[in-house]
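Below: the structure, in structure tokens.
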Amino acid sequence: VLARAWRHRRAGTGPPAGTGTGLTDRHFTALERLIDTGRGGAIIQLPGGWTAERVREVVRLRGPAPERGTDPAGHALRVRRLRPPGRLDRGGYRIEARWTSGALARRRLRTAPGAIEHFDATGIQGSLVVRSARSDERFVPFGRSRATRLGRFLGRQRVERQVRGNPTVLADAVGILWVVGVRRSARAPVTAGTRRALRVHAERHD
């Protein structure tokens, strides 16, 4: 019943959901407890930014709705929150994030450069979001020590016109972590001391 409810609620928002597409035994156990306890107000985090919440006698499944946020300069931007483990579609990309160990991240740092990036968990501040970016935003590209305007940086890269004109970025409360598909920032690098890391995979699907 729970698997059917999960598939029904996610219909039209992505691939068919079920036991083989994100929900684990841990999720099903937590959902069963939510139903059995009868306590309202409890919230369970599910894959893809979805949540389950008991409201009186009803358990509601809610998807990751677009949110209104601001960039570091205070400009309003339309953003999508990314809660690991989870995924979302934005700007022609399917972006998936999950936590992994520092040791595993170090072994896979050179895996699919440009499509997969790893970040030290301790260097991430606040919530993760995927959003469009302004050309006048500044970030420090990986391998450099000085900040540059995003528009100027992209103008010097061999990227598609669509990407240059409407870049998609992964960001936190401080600013840009990754210009998706182009270059990560110098923030939150994985080092020999990294114990926990964030793995983010971006795949074009348009």
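Put a plus charge on the Cβ of each Lys and Arg, a minus charge on the Cβ of each Asp and Glu, and nothing anywhere else: the dipole of the stretch 85-206 about its Cα centre is then about 400 debye.
Ranking T122, H201, L109 by how far each Cα lies toward the positive end of the dipole of the stretch 95-203 (charges on Cβ) leaves L109 at the top. Of the residues A133, A173, G155, the one whose Cα sits farthest towards the positive end of the charge dipole of the stretch 104-206 is G155 (charges of +1 on Lys and Arg Cβ, -1 on Asp and Glu Cβ, taken about the Cα centre). Counting heavy atoms of the protein chains alone, V140 has an accessible area of about 40 Å² for a 1.4 Å probe. Compared with the alpha-carbon gap, the fully stretched path from A30 to N166 is longer by 45.0 nm at 0.36 nm per residue. Extension gain for R196 to R7 (0.36 nm times residue separation, less C-alpha to C-alpha distance): 64.9 nm.
The values are calculated or read from the model by the stated rules, or taken from the named source; none is laboratory data. Note that the coordinates shown come from a computational prediction; the quantities given were computed from them, not determined experimentally. Every residue, glycine among them, receives a Cβ derived from its backbone with ideal geometry; neighbour counts consider all protein chains shown. Accessible surface areas use protein heavy atoms only, side chains included; no ligands, DNA or RNA. Shrake-Rupley method; radii C 1.70, N 1.55, O 1.52, S 1.80 Å.
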